[in-house]
Amino acid sequence: MSINSALTMAVNSLQVNQLALSVVQNNVANMNTAGYSKQRVNLGTRFVGGLEATNASSQASQNAGVQITSISRYSNEYLAEYLRNQNSNLKYYSTESDIANHITTLMDELSDSGLSASLDAFYTAASNLQQNPTNTTARTDYIEKATNFAIAINSKYNDLASYRTTLVGDGTEASMKASQLTDNVNKANALLEDLAEINKRIISSGTVNSAANNLYDQRDAVLSELSDYLNITTSIGDTGVASVSLGGLDLVRHTTVSGKLTMKANYQTADDVRVTIGLEDSDGNVVKSDINDRITGGSVGAMLKMGGTSKTDLTVQSAIDLLNDLASGFAEVINGIQTQGWVEQSDGSYIPDPNASSFAMSLGTDENGDKILASPTGKIFVSNDGSNYINASNISVNSSLRTNLSGISAGLVTGSASDFTNTVEISGEVGKQYTLVTEIDRYAVGNGKNMGAVINTRNSTTSSTLNNLSPEDFLMAGVSKIGIQSQSISNQESSQDAICSSIESQLLSETSVDLNEELTDMIKYQRSYEASARVFNACCDILNVLVNLGA
Amino acid sequence: MLTRTTSSQMSDSLVKYMASTQGKFNKLSTQLATQKKITSITDDAVAAKSILNAKKEINLYNGYIQNMKNSQYELKAVEDTMKSANTQASRALDVGMMASNGTYSETEMSAFKQEVDGIIKTMTSLANSKYDDAYLFSGTAALKMPYDLEPSAAQTFTDNGDGTYTKSVSDDDGNITTYTMVNSGTTETPSWQTTITNPDGTQSTRTTTSDDWKIENSTTINYNGTSDAKTIVIGAGGLEETVGVLGTELFGKGTVTTTSVFDPDAGKSTSTVELDGDGGMLTSLSQLSAAIGAGDTDAINSALSGIQKGLDNLAESKATVGLSSGRFDTLMEAYDNNVLNLTSLKSSLEDADLTSLIAEWLQSQYALEASYALSSQMMSVSIMNYI
């Protein structure tokens, strides 16, 4: 072994340690970089010569110092995949929880400004009107409180519908494209493209080296982010290339995006808005037109579910349905009482029902201007869009009753259809409205029994839409169900968060940078570097001695 | 191999613990600021439902209570009116008693009649009492004045002082027909002829009939209200209660007719009073007035018995009103208790116990501060400080 060889080994050692220090530096620099996996320098002995050394001298002459055999990366692919799966669930629950919180905020009934407060005000007004059926203020209050309820429920409906539009659109392509769901799907598509690109670079980077390690980190970061949006399944090939699938359908295969997410708005009705997600290949051919049922995780899954049409799970639609049923049931009950015993004709007038025994009575004036009981002139609640079906979006108070307060049927008389006549002049007209045949009974305008019937609906109703509950109880049951569902989602999020935290912590424990470890390595390589430098100096001194021999 | 605990892992965990402690601290701060344990339905959906239910029940009971309170004011007005009616009727009874003993002069009897007529006016006014712009005694015909006293078209009989007599009959439109009776015979064999002068001035003469000597004057006590009283809902399951008393139960309705027949031989009239109706205070008083005016003792006694019956009715109705009011009191007390219990339940569910909350808040604050201190200490521990 020549002195030059020792010198070369010292130089080599200096270079290797310098490189090792640079890896340590890279680790320290990235100690706070999310998704960064600690890299480790693996050193090996360097040999020269092909023959097996037979003695110590030849063995020594074969030693060529140190070399970096590899720069490995601290990773645990199985744990990372498990974390991605769990993260996808977490993102699903957290998105669900955010949406559920928003719904419960909109449906907040604990405050004094909710729908139950409007209903209470309405019933209080009915109670006042029952006591003072001829009092204009009491009539105004009744109709205004009914209007307030209609406005309150319209407003809540609009809030929920608008929130759903923000979330998934309103069934039109334009609104869908501006929705959060589209943002999320676009981001997922972009990530699929990124992954395909990273796969290409991994393949082109060839052997395992530091550059590939960084690509693996990038790949893992993309996969992790992708799991935020979708419930992906990943498989990592021998070369480190990641393939991704969703519910058995390939999204990224090697270097190609084989399944890009597409979206289609599907409008059924205002209360049945659907978005269909499909897959198309890189050439734009449809792979599958509807994969909604396969997207069961990530924020996209949660948005599809919460913005979907399920009536049993908590969705924006289920909250809207609650409002629709409340509006429809309440209108049915109050209108039923308002026109009890009367049959509406095509011209909007009412004739006594021959089968009825109780008749709601509004007020009119006789030819002397005295108030008398008269047949109803219209319903309290009507739809403001001409539809026959009253719901939360179109419920409004009959404008004619707002101007003609006498039209409120506060009275209720018992008898039969033959007790009524339309031959009496009522409010300046003959034949349009009915009153009682018995003259003395016509003037029973202090009869507030029909308001008693309104008040009684506070205990129960016969409306199947309201499940025979009172409107307030129906609302409470619905809101409470939303609360329980929201609470359950929140609990699922919490427990999923705990699971993810635990796995994340475990993964960090295995892959993240520890400063103490790095500083220890730094000292180790620094010492080794210093020692190699001394060897180098010693070799130089020896060479000097040799050069000066005989001088 | 030992499990690695890296700096990143440690800082990550510390951030999570701090966030969790901060979250708890924030929640307690919100509870303290609002003094409510439950600020959102998701805090505790089951408790929130109970709160909502309690709120609804409280509102429901308060509605019934308000209904009954308002009705009690109305009943108080009814009771006060009945009290006044009682005073008036009692005085009428005294006057009637005096008039019935037959010892008073015509002038005194006339004064009695005037006093009774005054009582009738007051009683009519009482029967037409209003509460909150609605008549108290007209049943459900709240805007219809329940009582009006309608005198019949007047009939008068005059002794002309010259042996002739004139009966004057007015119809509803005020047109007057006169009957003039003249004796063309002798005192022993009278031959009475009646000359009828119609409103248009035409005249005809015929033999006098017995009806020509008779005049009838009546007063009709009209009740314009309904036969059903006002009711209000005072409880679940359609529980209703009648508020007030119908006018007919107290003041009655009917017609009092005074018939006077002149006897030319005796030179004086004899009057009788008849009541066609269902009794009651106003009808009996009208009967009394007419009877005093007619000097019909039987009718006075009959009227006095009617007034006495009316007083009994008043007492009975007063008791009924009192019972209604008492029933309201009982129910209101029960509902008040329910409201109290429900308020207490609601409070226990939603209101924060300030003492324990402040203690918990302070503990949480210390925990948060400790976690900050601990985190900064832990983060600064590194081998870097020793090299």
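The values are calculated or read from the model by the stated rules, or taken from the named source; none is laboratory data. Here the structure is a predicted model, which means the values were calculated and not measured. Backbone-built Cβ (ideal geometry, glycine too); neighbour counts: all protein chains shown.
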- Could you list all residues from segment B:1-54 that are farther than 26 Å from B:Val339 by Cα, at the interface with chain A (Cβ under 9 Å from one of its Cβ atoms) and hydroxyl-bearing (Ser, Thr, Tyr)? B:Thr3, B:Thr5, B:Thr6, B:Ser7, B:Ser8, B:Ser11, B:Ser13
- touching a strand residue (DSSP E or B) at 6+ places or on another chain (Cβ under 6 Å), in a helix (DSSP H, G or I) and of a type in the set (Val, Ile, Thr), is that true of A:Ile455? yes
- Message: Filter segment B:154-163 down to the residues that are loosely packed, with under 15 Cβ neighbours inside 10 Å and either in contact with a strand residue (DSSP E or B) (Cβ under 7 Å, 6 or more places away or on another chain) or assigned to a strand (DSSP E or B) (or both) and list them by number.
- Response: B:Ala154, B:Thr156, B:Thr158, B:Asp159, B:Asn160, B:Gly163
- Residue by residue through segment A:533-551, note down the ones that are loosely packed, with under 14 Cβ neighbours inside 10 Å and of a type in the set (Val, Ile, Thr). A:Ile542, A:Val545, A:Val547
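Name the residue, out of A:Gln485, A:Gln526, A:Gln506, that is under 28 Å from the mean Cα position of the chain (by Cα) and more than 7 Å from chain B (Cβ to nearest Cβ).
After ruling out the rest, the residue left standing is A:Gln485.
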- Scan segment B:17-47 for residues that are assigned to a helix (DSSP H, G or I) and either touching a residue at least 12 places away in the same chain (Cβ under 8 Å) or surrounded by fewer than 21 Cβ atoms within 10 Å (Cβ to Cβ) (or both) and report the count. 20
- For segment A:409-452, the count of residues that are within 13 Å of chain B (Cβ to nearest Cβ), aliphatic (A, V, I, L, M) and in contact (Cβ under 8 Å) with a residue 12 or more places away in the chain equals 7
- Message: Anything in segment A:489-531 that is farther than 21 Å from A:Gly35 by Cα, assigned by TED's automatic domain parsing to the domain that holds A:Asp217 and charged (D, E, K, R)? List them, or say none.
- Response: A:Glu493
- Query: Considering only residues of segment A:44-101 that are within 22 Å of A:Leu215 (Cβ to Cβ) and charged (D, E, K, R), which is farthest from the other protein chains (Cβ to nearest Cβ)?
  - Reply: A:Glu81
- Note on the structure: In segment A:52-79, residues that are in a loop (DSSP other than H, G, I, E, B) and either modelled with pLDDT of 80 or more or in contact with a helix residue (DSSP H, G or I) (Cβ under 8 Å, 6 or more places away or on another chain) (or both) total 4
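Could you identify the single residue in B:Tyr73, B:Tyr104, B:Tyr147 that is touching a residue at least 60 places away in the same chain (Cβ under 8 Å) and of a type outside the set (Asp, Glu)? Steps first, please.
Working: B:Tyr73 fails: touching a residue at least 60 places away in the same chain (Cβ under 8 Å); B:Tyr104 fails: touching a residue at least 60 places away in the same chain (Cβ under 8 Å).
Result: B:Tyr147 is the single residue among B:Tyr73, B:Tyr104, B:Tyr147 that is touching a residue at least 60 places away in the same chain (Cβ under 8 Å) and of a type outside the set (Asp, Glu).
One line per residue, one yes/no per condition, for (1) under 30 Å from B:Glu333 (Cα atoms); (2) surrounded by fewer than 23 Cβ atoms within 10 Å (Cβ to Cβ); (3) within 14 Å of chain A (Cβ to nearest Cβ); (4) of a type in the set (Gly, Ala, Ser):
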| position | (1), (2), (3), (4) |
| --- | --- |
| B:Ser90 | no, yes, no, yes |
| B:Leu93 | no, yes, no, no |
| B:Asn101 | no, yes, no, no |
| B:Asp133 | yes, yes, yes, no |
| B:Pro146 | no, no, yes, no |
- Task: Only one of these is closer than 20 Å to A:Ala125 by Cβ and either modelled with pLDDT under 95 or outside the structural domain of A:Thr165 (by TED's automatic domain parsing) (or both): A:Ser399, A:Ser349, A:Ser383, A:Ser393. Name it.
- Result: A:Ser399
- Close pairs from segment A:453-481: first within 9 Å of another protein chain (Cβ to nearest Cβ), partner surrounded by fewer than 18 Cβ atoms within 10 Å (Cβ to Cβ) and β-branched (Val, Ile, Thr), Cβ under 8 Å, at least 6 apart: A:Ser480/B:Val46
- Which residues, taken from segment A:238-254, are buried (at least 20 other Cβ atoms within 10 Å of the Cβ) and β-branched (Val, Ile, Thr)? A:Val241, A:Val244, A:Val252
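Output the residue which, of all residues in segment A:313-368 that are of a type in the set (Val, Ile, Thr) and in a loop (DSSP other than H, G, I, E, B), is nearest to the chain's Cα centre (by Cα). Walk me through it before giving the result.
Narrowing segment A:313-368 to residues of a type in the set (Val, Ile, Thr): A:315-316, A:320, A:333-334, A:337, A:339, A:343, A:351, A:365.
Narrowing the set further to residues that are in a loop (DSSP other than H, G, I, E, B) leaves A:315, A:339.
On the way: A:Thr315: 9, A:Thr339: 44 Å.
That would be A:Thr315.
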- Query: Would you pick out the residues in segment B:73-126 that are within 33 Å of the chain's Cα centre (by Cα) and hydroxyl-bearing (Ser, Thr, Tyr)?
  - Reply: B:Tyr73, B:Thr81, B:Ser84, B:Thr87, B:Ser90, B:Thr122, B:Thr124, B:Ser125
